[in-house]
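Just so it is clear, none of the values below were taken in a lab; they were calculated from the coordinates. None of the values given here were measured: they were computed from a predicted structure. In this analysis, Cβ positions are derived from the backbone assuming ideal geometry, glycine residues included, and neighbour counts consider all displayed protein chains.
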Amino acid sequence: MQKRFSGVVVPMVTPLNKDLSIDVVAVERIVKLFEKNNIHPLVLGTTGESSSINELESLKLVEVAAKAKGSNQNIYVGLVGNQVDDLIQRGNKYIALGADCVVATLPSYYGLSANQMLLFYQSLADKISGPVMMYNITATTQMSIPLEVVKELSKHPNIWGLKDSERDEERMKICINSYKENPNFSFFCGWGAQSFGSLKLGADGIVPSTGNYVPEMYKSLYDAALNKDWKNCEKWQLETNEVAKEYQKDKTLGESLAFLKFLMSKKGLCNNTMMPPLTEVE
């Protein structure tokens, strides 16, 4: 069953000019490279420094990415922030600019109860005029969306899935088994090292940041999964794990993102400029 939202979704780095404005040419270049490899971009995700980019530049990024996308690409856009009304307004602006789906992270200043998380996502889904997904990432929010909350929200007609970056194998298995037969709710594994494992279990898609640097490897990995060639799929998993170590090993999240941009700059995909407070690799 091919769901509306599935496949390889790469959380795209945000290419910046030296004056910290969006590098429009580099955005177009990366979106086209992703298209060539059957990859969908997630702009303004964690890898895209979403929490540091102002609304004006965010809107420019979404507009450029949406105009550059291919006929078979979906543009996913991250929603990150603590002001709910602002998130709703920006979500609607992103949809109006051509985003296919907004992917919302929990507001992270206050610890939220399960009921507060439920109400937050219901509010977004009720008031945003396009598809909404949940994004569970404990590394930045210090919170985990409980599985019973995910179950309740999966019934909402405008909540189309969950991107889960929590490193919990049992949770991943439960989510995949719970939703793989639901045609209107997709599970995306945001734990790069479990791309092969999650797809073999029946995940609808994967969200690997390393795909910014080696998109062709993830095309091969996903093609192998589609063909149920699990031996080759696992081979590509092991190879992408080694690539990921180049920029992730012994680094903080912010340091790893800067090193990823540095590697991409060596390929001529974008320059290595980072949005403060993160700093670039020389």
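So, R0 is 30 Å and r is the distance between the beta-carbons of S123 and T252; what FRET efficiency does that work out to, to 0.05? Computed FRET efficiency for S123 and T252 comes out at 0.40. Each peptide in 28-40, 203-215 was scored by the mean count of other Cβ atoms within 10 Å over its residues; highest first, the order is 203-215, 28-40.
Taking label positions 7 Å along the Cα-Cβ direction at both E55 and L238, the computed distance is 5.1 nm, reported to one decimal. For the chain, rounded, prolate or oblate, judged on the Cα gyration tensor with a ≥ b ≥ c (square roots of eigenvalues), a/c < 1.5 rounded, else prolate if a/b > b/c? It comes out rounded by the Cα gyration axes. Estimated at 0.36 nm per residue, the fully extended path between K155 and Q116 surpasses their Cα-Cα distance by 12.3 nm. Charged side chains reduced to their Cβ positions (Lys and Arg at +1, Asp and Glu at -1) give the chain a dipole of some 620 debye around its Cα centre. Of the peptides 43-50, 100-107, the order by per-residue mean of other Cβ atoms within 10 Å, starting with the highest, comes out as 43-50, 100-107.
Phi angles across segment 263-271 convert, under the Karplus curve 6.51 cos²θ - 1.76 cosθ + 1.60 with θ = phi - 60°, into 3J(HN,Hα) values of 4, 5, 5, 5, 8, x, 7, 6, 8 Hz, Gly and Pro given as x. Once the C-beta distance of D223 and V25 is scaled by a Förster radius of 35 Å, the resulting FRET efficiency is 0.75 to the nearest 0.05. The modelled label-to-label distance between S71 and W230, using points 7 Å beyond Cα along the C-beta direction, is 3.6 nm. Principal axis extents of the C-alpha atoms in segment 214-282 (largest first, rounded to whole Å): 43, 25, 16. Assign one of three labels to segment 110-203, namely rounded, prolate or oblate, based on the Cα gyration tensor with a ≥ b ≥ c the square roots of its eigenvalues; rounded applies when a/c is under 1.5, prolate when it is not and a/b is larger than b/c, and oblate otherwise. Oblate. Counting only DSSP beta bridges with both residues in the chain, the antiparallel share comes to about 5 percent. Estimated from helical segments only, the mean residue ellipticity of the chain at 222 nm is -14000 deg cm²/dmol, where each DSSP H run of four or more residues counts as -39500 (n - 2.57).
With R₀ fixed at 30 Å, the C-beta to C-beta distance from K245 to T138 puts the FRET efficiency at about 0.90.
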